[in-house]
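Okay, so here's the structure we're looking at.
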Amino acid sequence: MLSFWEQHYFTKYDFIIIGAGITGLSTACAVKEKNPRARVLVLERGLLPTGASTKNAGFACIGSFTEKRSDLNTMGEAAFLQLVSNRIEGLYMLRKRLGDDNIDYIQHGGFELLLANQQIDLSELEAMNKLLEPLFKGTVFYEKPEWVAHFGFDSRMVKDILFNPFEAQLDTGKMMQTLLRYAGILQVTVLTGANVLSVTELPTGVDVEATSAQGQTLYFKADQVAHCTNAFATDLVKGETITPGRGQVICTSPIPNLPMKGVFSFDEGYYYFRNIHNRIIFGGGRNLDFEQETTTAFGSNETILKQLEFYLAEMILPNTNFTIEYQWSGIMAFGPTKLPIVKRLTERQVIGARLNGMGVALGSKIADQLSHLLLG
């Protein structure tokens, strides 16, 4: 039984946001920035964000050339440019809201490794630069084959490098802690360990049923609800095409005199790595085993982990001693198009989901769009 105080002060809100990841917390903050008097509650099933918000590699990026080329071919020019624009705007909003120092935003640039079996037509590079120049106000991709030796990559496996000066990296942990603190300053209420079981829309509002880790069932009421759980959105929202995708990540022990700084990728972005405190964080390889990695269950995939370790030892850090100190997985969401789902579901419910592995770049932009939907 809830007390008088709990009934009056902890269960009734103007807006309830389901999910305390990048998108959910950013949506709550965007609502409060526009309407400081609004009562906003964020419900999170885990003690920490459940999906990939605290499990990603910290890429503040808009994507590699080969990824962009593939997106353009599959999406068409208009949708492709909209996606790139949303990533640029989302990163700008994130940096403006939290501040570069508070998230360790560093713009060392992005480097795409072209492997021995890859061929790039330089005319395609020129065409892509021409297409993207109005968005970035400058040339985006440069060919830099001399940097293969500079970074110490195995030249038998890596034949060329494409450089993007607009790519950056950030500290995922600092970003999420800063976002949570900022939400607190705005007087957003965040409850973790609250697993939402159902959302029932009524003429007078929305009832949200949740259970705690202790098995207690609580009922919250709000005027509007936002679903911001990305791959887990289909637990409560039906009819949307959202496919989960698990990402494997490893992190090395500290490596003296590590030569690389920046964000790196290869194989159309399916593999990605970066420096952090003289370590390498390396993730990806989902394309090796799509079937097993299409899941919302956290866990390891030994086939992918062995491939990541192979690339580290043979291609990225040849003749370098290191150990794997950390290993984890995160859950992302994908679909038939790389454009995320941002829309009103019903009179009182909205959704922002399916970020296609670009939550850092897209989360704040999606949050802004959701806040406008919520506030009408």
Return the calculated 222 nm mean residue ellipticity for the chain, to the nearest 500 deg cm²/dmol, obtained by summing -39500 (n - 2.57) across DSSP H runs with n ≥ 4 and dividing by the residue count. -9500 deg cm²/dmol
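Among the trypsin sites (Lys or Arg not before Pro) within region 136-193, which fall in a DSSP loop and have no more than 11 other Cβ atoms within 10 Å of their own Cβ?
Those satisfying the criteria are K137, R156.
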May I ask you to give the percent of accessible area on region 232-301 that is carbon plus sulfur, with a probe radius of 1.4 Å? 46
Calculated FRET efficiency for the pair A213/H108, C-beta based, R₀ 45 Å, to 0.05: 0.65
How much of the accessible area of region 18-123, in percent, comes from carbon and sulfur atoms when a 1.4 Å probe is used? 50
In order over region 93-100: 3J(HN,Hα) from phi, Karplus 6.51/-1.76/1.60, θ = phi - 60°, whole Hz, x for each Gly or Pro, gives 5, 4, 5, 5, 6, 9, x, 4
Surface per residue (accessible, 1.4 Å probe) for the chain, Å²: 45
In nm, to one decimal, how far is the T241 label point from the N278 one, both placed 7 Å along Cα→Cβ? 4.9
Projected label distance in nm at L48 and K261, using a 7 Å step from Cα toward the beta-carbon: 2.7
Checking a compactness column here: for region 1-132, what do you get for Rg(Cα) / (2.2 N^0.38 Å), N being the number of residues? 1.47
What ³J(HN,Hα) values, in whole Hz, does the Karplus curve 6.51 cos²θ - 1.76 cosθ + 1.60 give for region 258-265 when θ = phi - 60°, with x put for Gly and Pro? 4, x, 9, 9, x, 10, 10, 8
Sorted largest first, the Cα spans of region 91-174 on the principal axes come out in Å as 42, 31, 17
Could you grab the Rg to Rh ratio for region 309-376? Cα atoms only, Kirkwood for Rh. 1.26
Ordering K12, K130, K144 by accessible area with a probe of 1.4 Å, largest first, what comes out? K130, K12, K144
How much net charge surrounds K306 when only the other residues with a Cβ under 13 Å from the Cβ of K306 are counted, with Lys and Arg +1 and Asp and Glu -1? -4
How large is the Kirkwood hydrodynamic radius of the chain, counting all unique pairs of alpha carbons, in Å? 21.6
Give me the extension gain from T337 to L81: residue separation times 0.36 nm, minus the current Cα-Cα distance, reported in nm with one decimal. 90.8 nm
What residues have an amide H closer than 5 Å to that of F166, excluding those fewer than 5 places away on the same chain, when H is modeled at 1.01 Å from N in the peptide plane? G110
Cα-based Rg/(2.2 N^0.38 Å) for region 217-376, rounded to two decimals, is 1.24
Extent along principal axes [Cα atoms of region 46-198; Å; largest to smallest]: 52, 38, 32
Mind checking the full-extension length gain between D101 and S198? Use 0.36 nm per residue of separation minus the Cα-Cα distance, one decimal, nm. 31.0 nm
Residue by residue through region 200-217, which ³J(HN,Hα) values in whole Hz follow from phi under the Karplus form 6.51 cos²θ - 1.76 cosθ + 1.60 (θ = phi - 60°), with glycine and proline marked x? 10, 8, 10, x, 9, x, 10, 9, 10, 9, 9, 10, 8, 4, 8, x, 6, 9
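The values are calculated or read from the model by the stated rules, or taken from the named source; none is laboratory data. Because the structure is a prediction, the values reported are computed rather than measured. A quick note on method: Cβ atoms are made from the backbone with ideal geometry, for glycine too, and the neighbour counts reach across all protein chains shown. Heavy atoms of the whole protein, side chains included, go into the accessibility calculation; ligands, DNA and RNA do not. Shrake-Rupley method; radii C 1.70, N 1.55, O 1.52, S 1.80 Å.
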